[in-house]
Amino acid sequence: MEDNELKSYPGQAEGEITQTIVYKHFMAVAPIFAAMFIVALVATAGVVFYNQYASSSESSAFTGIASIIGFIIFATIAALCIATFWIWRRNKIIITNQHIVDVDQLGLFNRKIAALRLEEIQDISASVKGPMQIVLKYGTIIIQTAGERENFVFDFVPNPYELVHYIIETRKKFSSKRGS
């Protein structure tokens, strides 16, 4: 099932061929992991400090409670890290020979899928802003569409200029096959 999920999207037509899949850059979740790491360090320091400097007159029950609280904090952080990683890996752009599909995993149980037909693309642009995006090679892609539809905005895209070129080439191939 996992292999099939990676190569297609719900509602993909039979004969529609997946060309490439692009996952969000790690910087989309790096601040979350950094915050969780800091909380883990503070919790570790708190538990160690409390256990080391607790007065001998206090019962060992308080020391045990502090250790249990520390364990609960670490277990929660571990669960949040796993959930964050799971959500991050399910955010992707699927480019097929007919569509560009934006799969947004918005939470553990909330997914949004939007498809754009290649013939609806009017303009496509990429932007890389700031030193972090330049050094780490990620940015934003905006695809302007025909009609009333909103523009498609993809953020935290690795190598956005290369992906723009790839989408343009895929659209050209699609147009030439359709025209013949």
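Readers should treat all values here as calculations from the given coordinates under stated rules, not as data from a laboratory. Source: prediction; values computed, not measured. Every residue, glycine as well, gets a Cβ built from its backbone with ideal geometry; the counts of neighbours run over all protein chains shown.
For the chain, modelled as a Gaussian network with Cα springs under 10 Å, which listed residue fluctuates most, F156, F49, F71?
F49
Just to check, using Stokes-Einstein with a Kirkwood Rh over alpha carbon pairs, what's the diffusion coefficient of the chain at 20 °C and 1.002 mPa s in µm²/s?
Working: Rh = 19.5 Å.
Answer from the Stokes-Einstein relation: 110 µm²/s.
Which angle between 0 and 90 degrees, to the nearest 10, do you get for helix 30-53 versus the longest principal axis of the chain when only C-alpha atoms count?
10
So what's the gap between the Cα centers of the range 18-32 and the range 118-169, to the nearest angstrom?
14
Compute the long axis of helix 160-179 from its Cα atoms, compare it with the longest principal axis of the Cα atoms of the chain, and write down the angle in degrees, 0 to 90, nearest 10.
The helix 160-179 is inclined about 30 degrees to the chain.
Once you've got the GNM for the chain with C-alpha springs shorter than 10 Å, pick whichever of P131, P160, P31 has the biggest mean-square fluctuation.
Comparing P131, P160, P31 in the GNM, the peak value goes to P131.
For the pair R111 and I38, what calculated FRET efficiency results from E = 1/(1 + (r/R0)^6), where r is the Cβ-Cβ distance and R0 = 41 Å, to the nearest 0.05? Before the final figure, lay out the partial values.
On the way: r = 29 Å, r/R0 = 0.72.
The formula returns an efficiency of 0.90 here.
Can you give the calculated 222 nm mean residue ellipticity of the chain, where each DSSP H run of n ≥ 4 adds -39,500 (n - 2.57) and the sum is split over every residue, rounded to the nearest 500 deg cm²/dmol? Walk me through the numbers on the way to the answer.
Working: 5 runs with 87 residues, N = 180.
-16500 deg cm²/dmol, from helical runs alone.
Restricting the calculation to Cα positions, tell me the Rg (one decimal) and the Dmax (whole number) of the range 103-168 in Å.
Over the range 103-168's Cα set, Rg and Dmax evaluate to 13.2, 36 Å.
Looking at this model, which pairs from K92/K177; K24/K177; K137/K172; K24/K129; K92/K137 are more than 20 angstrom apart at the alpha-carbon?
Those over the limit are K92/K177; K24/K177; K137/K172.
Given springs between every Cα pair under 10 Å in a Gaussian network model of the chain, which of T63, T76, T145 has the largest fluctuation?
Top of the fluctuation ranking is T63.
Rounded to the nearest 0.05, what FRET efficiency is calculated for E119 and E162 with R0 set to 22 Å and r the Cβ-Cβ distance? Don't skip to the end; give the middle numbers.
Working: r = 23 Å, r/R0 = 1.02.
Working from the Cβ atoms, E equals 0.45.
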